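Down below is the structure, laid out as structure tokens.
The values are calculated or read from the model by the stated rules, or taken from the named source; none is laboratory data. Only a predicted model underlies this, so the values are computations on that prediction, with no experimental measurement involved. Don't worry about glycine lacking a Cβ; one is built from the backbone with ideal geometry, like all the others, and counts go over all protein chains shown. In case anyone asks, the SASA skips ligands and DNA or RNA and just uses the protein heavy atoms, side chains included. Shrake-Rupley method; radii C 1.70, N 1.55, O 1.52, S 1.80 Å.
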Amino acid sequence: MEIRKIKGTKDILPDETEIFLAAEKVLRETMIKYGYREIRIPTFEQTELFKKGTGVSTDIVTQQMYSFTDRGERNISLRPEGTPSVVRAYLENNLHKKRLFQKFFYYGRMFRQESPQSGRLREFNQFGIESIGSLSPQIDAETIILGLEVLRNIGLKRIEIHLNSIGCDKCRPSYKKSLKEYLKPKLNILCNDCKRRFNANILRVLDCKRETCRKELQNSPVSIDYLCDECKNHFSKVKELLQKSNVSFTLNPYLVRGLDYYTKTVYEFISPVLSAQDAVGGGGRYDRMIELFGGPPIPAIGFACGMERILLAVEKEGGEKRKKEKLDCYIATMDDKTDEEGFLLLNNLREKGLSCEKDFLNRSLKAQMKDANRLGADFVVIIGPEEMEKNEITIRMMSDSSQKRIEFSVDAIVKEIR
Ligand SMILES: [Zn+2]
Ligand SMILES: [Zn+2]
């Protein structure tokens, strides 16, 4: 075939879809348990939204967005992340006037044209939460605890939490200034991206994955030494609450996250089975963003996690393979007449809520039994001409191969299976 899928996209075939479905189910159950309600945001938005929300100096906006002009000459981008859309929807629908404090989660596809060698998909599934309206450090702790529980429920056993505070508008400028002074003499050693970041958003230099840049950062000033009293107290409380909740974490002074909007607490969920610099998710506070979008000064915090990366980590941990799908009943038939009876019975049993299947290829009884086995059927109903004459069927329990004849009626079959 000549037309192939676009680089960075993936066909999720039924066996794998079932793995996703199972993960999505526990995701939604866990979110609801913590009081988060699902919001569904558009797949594409005005490009301006992400420039403003994600940040013009981020790699996402400068290098990775799928942007185009539509027939109405509008600049549009496929969403590279969820937070700016949630904030826009929150304000556009006047949700901030309804309640002071609200919790949202989302799940869906995101689009980023990342470099192919990193092995990341360009269309991928991400879930995230946004908790809007509270400045309390308890909410910082809650989002981390929720993130941990979701990841564990999906099947990840080993998760490390990296934690940092990057301060606020009051205290961050003095930190940035010291960092700038420290890095200035090293500027020609830094990579080209970092040279650009040095002027555009110096904190992002801390985020550089290149070994040469990381080496230069070893003795750099760290943000927690520059926090104002408010930020310092907030961060102490977050750490204290996590400790009291038995959540262990590592302080990582280089953690700034790849987005411009964060303030105070930032964190990442790291799976040690993936390459060291890759998180399965992360998040932090963004207390200024809603105001930046023209709303009132409302604080917020959230995180986002990549589903493909989580499932990859679960697999690398040697996590449980997907349980084989169960089929309540397979209907095997012998000839044209019994085959039509089988089709009618199929519908009747499905109406009773049982999962049922039959053969549609006129295969031999032996082949049908093999098919039933492959599909994981608990019972096989065999309709033969001889049985039919006596208005009976044979029902076979696949677990112990025992079989018996019973009356050919939907109720009798349902009773036997149940
Ligand atoms: Zn501060
Ligand atoms: Zn660099």
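In table form, for the structure just shown:
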| item | result |
| --- | --- |
| Near pairs, Cβ below 7 angstrom, 6+ apart or cross-chain, from segment 52-70 (more than 16 Å from ALA200 (Cβ to Cβ)) to any residue that is modelled with pLDDT under 95 and open to solvent by 30 Å² or more (accessible area, probe 1.4 Å) | TYR66/GLN113 |
| LYS180 open to solvent by less than 90 Å² (accessible area, probe 1.4 Å) and either at pLDDT 90 or above or in a helix (DSSP H, G or I) (or both) | yes |
| Residues (surrounded by fewer than 19 Cβ atoms within 10 Å (Cβ to Cβ) and closer than 25 Å to ASN246 by Cα) located in segment 116-147 | SER134, LEU135, SER136, GLN138, ILE145 |
| Check on GLN113, within 26 Å of SER57 (Cα to Cα) and surrounded by 15 or more Cβ atoms within 10 Å (Cβ to Cβ) | yes |
| Enumeration of residues in segment 405-418 that are surrounded by 11 or more Cβ atoms within 10 Å (Cβ to Cβ), out of contact with any helix residue (DSSP H, G or I) (no Cβ under 9 Å at 6 or more places or on another chain) and among the acidic types (Asp, Glu) | GLU416 |
| Members of segment 233-256 that are open to solvent by 30 Å² or more (accessible area, probe 1.4 Å) and either within 16 Å of ligand 2 (Cβ to nearest atom) or in contact (Cβ under 8 Å) with a residue 60 or more places away in the chain (or both) | LYS237, LYS239, LEU241, SER245, SER248, PHE249, THR250, LEU251, ASN252, PRO253, TYR254 |
| Given (1) more than 13 Å from ligand 2 (Cβ to nearest atom); (2) touching a Cys at 6+ places or on another chain (Cβ under 7 Å); (3) not assigned by TED's automatic domain parsing to the domain that holds MET31, number of the condition PRO185 does not satisfy | (2) |
| Qualifying residue in segment 378-393 (condition: of a type in the set (A, V, I, L, M, F, W, C) and touching a residue at least 60 places away in the same chain (Cβ under 8 Å)) | no |
| Any chance SER57 is touching an Asp or Glu at 6+ places or on another chain (Cβ under 8 Å) and within 25 Å of MET289 (Cβ to Cβ) | yes |
| All positions within segment 187-223 that are assigned to a loop (DSSP other than H, G, I, E, B) and β-branched (Val, Ile, Thr) | ILE189, VAL222 |
| Matching residues in segment 210-257 - criterion: being out of contact with any strand residue (DSSP E or B) (no Cβ under 9 Å at 6 or more places or on another chain), away from ligand 1 (no atom under 16 Å from the Cβ) and under 30 Å from LEU190 (Cα atoms) | ARG210, GLU211, THR212, CYS213, ARG214, LYS215, GLU216, LEU217, GLN218, ASN219, SER220 |
| Any pair with Cβ under 8 angstrom, 6 or more apart, that starts in segment 1-28 at a residue that is aromatic (Phe, Trp, Tyr) and ends at one that is part of a helix (DSSP H, G or I) and open to solvent by less than 60 Å² (accessible area, probe 1.4 Å) | PHE20/MET307; PHE20/LEU311 |
| Breaking point among (1) under 28 Å from GLU130 (Cβ atoms); (2) more than 18 Å from the chain's Cα centre (by Cα); (3) surrounded by fewer than 22 Cβ atoms within 10 Å (Cβ to Cβ); (4) in contact (Cβ under 8 Å) with a residue 24 or more places away in the chain, for ASP278 | (2) |
| Residue match in segment 191-207 (condition: over 26 Å from ASP140 (Cβ atoms), crowded, with 20+ Cβ neighbours inside 10 Å, within 16 Å of ligand 2 (Cβ to nearest atom) and of a type outside the set (D, E, K, R)) | yes |
| Matching entry among SER402, SER364 (being open to solvent by less than 60 Å² (accessible area, probe 1.4 Å) and of a type in the set (Gly, Ala, Ser)) | SER402 |
| Search result, residues across segment 208-217 that are open to solvent by 30 Å² or more (accessible area, probe 1.4 Å) and either β-branched (Val, Ile, Thr) or within 13 Å of LEU179 (Cβ to Cβ) (or both) | THR212, GLU216 |
